[in-house]
Amino acid sequence: MSSWLPLIAAGLVLAAFPAIAQEAPASPPADQPLSKYVTSVEKDGSITFRLYAPSAKSVSVTLGLGKPIPMERNQDGVWLVKTDPQKPNLYEYYFNIDGFRSIDTGTNAPKPQRQVNTSLILVPGSILDVRNVPHGDLRFVTLHSKALNSERQMYVYTPPGYDKASQRLPVLYLYHGFGDTVASWVTQGRAPQILDNLLAEKKIDPMIVVIPDTETDIPDAIAENFPGATRRKDFYPLNAAAADRELLEDLIPYMKAHYRVRDDADGRAIVGLSQGGYQALVSGLSHLGTFAWVATFSGVSTTTVPNKAVDEALNNPEKINKALRNFTVTVGTKDQTTGKDIAGLKAILDEKKIKHEYHEYPDLQHEMDVWRPSFAAFLEKVFK
């Protein structure tokens, strides 16, 4: 008899909550081609956004950092809008469905994020395309981090012909921004396509690119546990210190043990965007004998997140100028997220007469249209 008690108790609990009749969400009719219901890029580069939501009251789409574009529902329950022709690029977008922000469930291209709320769409015709050129290998590596006492993952790009060659190659460490994932520079940044295409055009030299996870997710530094208002004060310093330990104690030794890499400062670069730009600043300037190439794209700086080791390095301009082959800083002129950081960093570099390359992207904000071109331009300078 006692064996029935849990079931009786469960039934009593369920009975306490009245059933709410709900219909299953509608699916596109099986007798129609799916192309009538999903987003597509047209031959002229325009985008036709489609969303099958026959019960929705109002739907709009936001493309990039633009304003919401209202959509119209047709007789088949499909919400549509067609844009003007877009220049070749990889774009972000999302739907607003009766006040709910949604990715495009009709595609397979969500933006890599820790909290996914945006989709991606490629208008072909740029360096971001997969072209008929020799392709490098992209390896997804899992390793144990002694510094963090956790299992960590990273991508490693090796250039075409790497497995058949014996030459030791330089290594570039590439960090993503806040809230993104280890896949961000791969999927949205299109780093493998940029590398393949520039190598095919003979604009860059062969190199290995390591793409780690910028966020360490250690118990004391999990981003979600820090309110946005105090994140720079409380989260960034803890995470940067942890990522720096991982880089020096785990990632660099792993690459030396498993790949044919150079082991000199001239053969090692560190690059990042936004939060990853702060990481490049912290690790690059804290270990001048380890890295000879440093780049920060719209990066957080010590203007808002102080760091003792970085400040000490910046106060010794002769040492930096001697150690670094190149120090690159870029930003969009309308960047409201880290514009203050970059302005503060540039003021220090100018005042201290620290050699650097500075480039502004007119009318752009905190966005990939700054970071992908910055990466491509830096690749054409590094290790030369």
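The values are calculated or read from the model by the stated rules, or taken from the named source; none is laboratory data. As the structure is a computational prediction, the values presented were derived from the model and not from experiment. Cβ coordinates were reconstructed from backbone atoms using ideal geometry, including for glycine residues, and neighbour counts include every protein chain displayed.
Taking the range 296-308, which residues are crowded, with 16+ Cβ neighbours inside 10 Å and either in contact with a Leu (Cβ under 9 Å, 6 or more places away or on another chain) or not aliphatic (A, V, I, L, M) (or both)? Those that are crowded, with 16+ Cβ neighbours inside 10 Å and either in contact with a Leu (Cβ under 9 Å, 6 or more places away or on another chain) or not aliphatic (A, V, I, L, M) (or both): T296, F297, S298, G299, V300, S301, T302, T303, N307. N149 satisfies every condition listed in (1) farther than 27 Å from A56 by Cβ; (2) surrounded by 13 or more Cβ atoms within 10 Å (Cβ to Cβ) except (2). The combined condition, being in contact with a strand residue (DSSP E or B) (Cβ under 7 Å, 6 or more places away or on another chain), aliphatic (A, V, I, L, M) and not in a helix (DSSP H, G or I), is not fulfilled by A242.
A single member of A191, A265, A269, A257 is within 18 Å of F378 (Cα to Cα), of a type in the set (A, V, I, L, M), outside the structural domain of A109 (by TED's automatic domain parsing) and free of Cβ contacts under 8 Å to residues at least 60 places away in the same chain, and it is A265.
Per-residue answers, yes or no, for (1) buried (at least 18 other Cβ atoms within 10 Å of the Cβ); (2) charged (D, E, K, R):
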{"residue": "H176", "(1), (2)": "yes, no"}
{"residue": "G189", "(1), (2)": "yes, no"}
{"residue": "P192", "(1), (2)": "yes, no"}
{"residue": "D196", "(1), (2)": "yes, yes"}
{"residue": "I222", "(1), (2)": "no, no"}
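K334 - would you say it is free of Cβ contacts under 8 Å to residues at least 40 places away in the same chain, closer than 25 Å to G66 by Cβ and basic (K, R)? So K334 passes the test. Restricted to the range 43-54, and to residues there that are surrounded by 10 or more Cβ atoms within 10 Å (Cβ to Cβ) and either in contact with a Pro (Cβ under 8 Å, 6 or more places away or on another chain) or modelled with pLDDT under 85 (or both), the residue that is nearest to N74 (Cα to Cα) is Y52. Only residues that are farther than 22 Å from A26 by Cα and free of Cβ contacts under 8 Å to residues at least 24 places away in the same chain were counted across the range 47-102, and they come to 3. None of A221, A200 is touching a helix residue (DSSP H, G or I) at 6+ places or on another chain (Cβ under 9 Å), over 15 Å from S286 (Cβ atoms) and not aromatic (F, W, Y) except A221. Annotation note: of T330, T337, the sole residue that is closer than 20 Å to F383 by Cα and within 19 Å of the chain's Cα centre (by Cα) is T330. Of the residues contained in the range 358-367, none is found to be among the aliphatic types (A, V, I, L, M), in contact with a helix residue (DSSP H, G or I) (Cβ under 8 Å, 6 or more places away or on another chain), in the same structural domain as L169 (by TED's automatic domain parsing) and over 30 Å from S126 (Cβ atoms). Scanning the range 253-295 for residues that are of a type in the set (A, V, I, L, M, F, W, C), closer than 20 Å to Y162 by Cα and surrounded by fewer than 24 Cβ atoms within 10 Å (Cβ to Cβ) gives M255, A257, V261.
If E72 satisfies all but one of (1) closer than 30 Å to P219 by Cα; (2) not assigned by TED's automatic domain parsing to the domain that holds Q365, what's the number of the condition it fails? Every listed condition holds for E72 apart from (1). For the range 4-17, state whether one or more residues are at pLDDT below 95, part of a loop (DSSP other than H, G, I, E, B) and over 30 Å from L120 (Cβ atoms). Yes: one or more hits.
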